[in-house]
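Take a look at the structure below.
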Amino acid sequence: VSLSTAEIRVKRTPHILIDSSMLKAGEDSNIGRSAQFKCQAKAYPETNFKWKKSESSADTINNSTKYTIKNSKIDSQLFESILIIHSITSGDYGTYLCEARNDIGTTLAKAVLSGKHQPEQPSDFKVVNIT
């Protein structure tokens, strides 16, 4: 008996994976500090990323003293891009777009950078213990 294995790769548009920590990590960032957003996409063939600030979506963000972009290939179909925003000012607050693109198509995800703000007023709480 002979056994062989084959891997089938289906070409597809990038699918951005979002969980509770992705594209939210930059929220509630203090002025003067750094924040980062992580964008992961599953795709074949290889995915290329672009970051844009939505107000000026025609302008692609590039590596500079203000921004660092780290792109990596995690496995044959999983790709990641991390945008780091250095020395945050109030002008950096707003919506950022992660664009994942390959030969098949393009997918966008939004990330929001906002300043510290008061938490929402608690509601629907109950006493569990009084000492």
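Computed from the coordinates by the stated procedures, all read-outs in this text should not be read as laboratory data. Given the structure is predicted, the values throughout are model-derived calculations rather than measurements. In this analysis, Cβ positions are derived from the backbone assuming ideal geometry, glycine residues included, and neighbour counts consider all displayed protein chains.
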Open item on the list: Tell me whether the range 71-131 comes out rounded, prolate or oblate; compute the Cα gyration tensor, take square roots of the eigenvalues as a ≥ b ≥ c, and use a/c under 1.5 as the rounded threshold.
Closed with: prolate
Open item on the list: Would the chain count as rounded, prolate or oblate if I go by the C-alpha gyration tensor, calling it rounded below 1.5 in a/c and otherwise prolate when a/b exceeds b/c, oblate otherwise?
Closed with: oblate
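Output the peptides 87-97, 3-13, 42-52 sorted from most to least packed, where packing is the average of other Cβ atoms within 10 Å over each peptide's residues.
Answer by packing, highest mean first, reads 42-52, 87-97, 3-13.
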- [ ] List the lysines whose Cα lies under 20 Å from the Cα of residue 110, skipping any in the same chain that are fewer than 8 positions away.
- [x] 24, 38, 42, 50, 52, 53, 66, 70
TODO: Could you run the Karplus curve 6.51 cos²θ - 1.76 cosθ + 1.60 with θ = phi - 60° over the range 30-37 and give me ³J(HN,Hα) per residue in whole Hz, x for Gly and Pro?
DONE: 6, 4, x, 8, 10, 9, 9, 10
